[in-house]
Amino acid sequence: MDIKTYTFEAHGDDRGQLVSLEEMKNIPFDIKRVYYMYKTVGSAVRGHHAHKSLEQILICVHGSCRIHLDDGRETAEVLLDKPYVGLYIANNMWREMYDFSEDAVLMVLASQLYDESDYIRDYDEFKRFVGAG
Ligand code: T46
C-alpha cells in the first residue's frame, strides 16, 4: 500500500520550533475542519470506519500513537510520533487509531465539515463499497 506522509518544515530558533500548515500549500486540500483528541485511554482503539469522500491529515503533535490502514485489499501500520510529520488518509480507507501514549495529542485536519453520512462504520459494507467484498 502506498503510504503518504508529509514532513513539514519546522522553523526552529533558540526559542524552539514552529510548524505552519496552509491549505493547498503544504496541506493538499482546503482545510474545512480541525479536531484533536487527547487523554485517550491507552487501551482504546478509535476509528473503526472509513469515509466516502473525506480526506484528512493526521499529526500526533505530542506523544505517539499508531494508525492501522486498510484499503480493502492491503493493510499497513504507521507510527506517528513526530509533531512535524503528517499522515495523509484519502477517502475509501478503513482506519483504526491505537496504542496512544498517555500524553498523546492527535490532531486532524479535514477537507470537509463533520457529516455522519460520509462515514462507513460497517467493515463488510466498506469492503463492498470499495469493490473488495
Ligand atoms: C476519523 C478519525 C481519524 C463531532 O461532533 N465532530 C467532529 O468533527 C468529529 C470528528 C466528531 N464529533 C463527535 C462524534 C462523536 O460523538 O465526536 C464523537 C467522537 O467521534 P468518533 O467516534 O467518530 O471519533 P473517532 O476517533 O473514532 O474518529 C475520528 C473522526 O470521527 C474520523 O472522521 O477519521 O477520527
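In the chain, the DSSP-assigned H stretches of four residues or longer account for a calculated mean residue ellipticity at 222 nm of -1500 deg cm²/dmol, using -39500 (n - 2.57) per stretch and the full residue count as denominator. What a 1.4 Å probe finds exposed on the chain is 48% carbon and sulfur by accessible area, rounded to a whole percent. For the chain, the solvent-accessible area of protein heavy atoms averages 58 Å² per residue (probe radius 1.4 Å; ligands and nucleic acids excluded).
In the range 112-132, which residues have a backbone nitrogen under 18 Å from the label point lying 7 Å from Ile31's Cα in the Cα-to-Cβ direction? From the range 112-132, the list is 112-114.
Spin-label model, His49/Arg121: points 7 Å from Cα along the beta carbon direction are separated by 0.6 nm. Remark: for residue pairs Lys25/Lys82; Lys82/Lys127; Lys4/Lys25, the C-alpha separation exceeds 27 Å in Lys82/Lys127. In loop segments of the range 35-133 as defined by DSSP, the trypsin sites (Lys or Arg not before Pro) with at most 16 further C-beta atoms inside 10 Å of their C-beta are Lys39, Lys52, Arg73, Arg121.
Dividing the Cα radius of gyration of the chain by 2.2 N^0.38 Å, with N the residue count, gives 1.07. For Leu109, Leu18, the ranking by accessible surface with the largest value first comes to Leu18, Leu109, using a 1.4 Å probe. In a reduced charge model with +1 at each Lys and Arg Cβ and -1 at each Asp and Glu Cβ, the chain shows a dipole moment near 140 debye about its Cα centre.
Averaging Cα coordinates gives a centre for the range 1-57 and one for the range 66-114; these two points are 8 Å apart. Applying a DSSP loop filter and a limit of 16 other Cβ atoms within 10 Å to the GluC sites (Glu not before Pro) in the range 40-133 leaves Glu74, Glu102.
The values are calculated or read from the model by the stated rules, or taken from the named source; none is laboratory data. Fair warning: this is a prediction, and the values are worked out from it, not measured in the lab. A quick note on method: Cβ atoms are made from the backbone with ideal geometry, for glycine too, and the neighbour counts reach across all protein chains shown. Please note that ligands, DNA and RNA were not included when accessible areas were found on the heavy atoms of the full protein model with its side chains. Shrake-Rupley method; radii C 1.70, N 1.55, O 1.52, S 1.80 Å.
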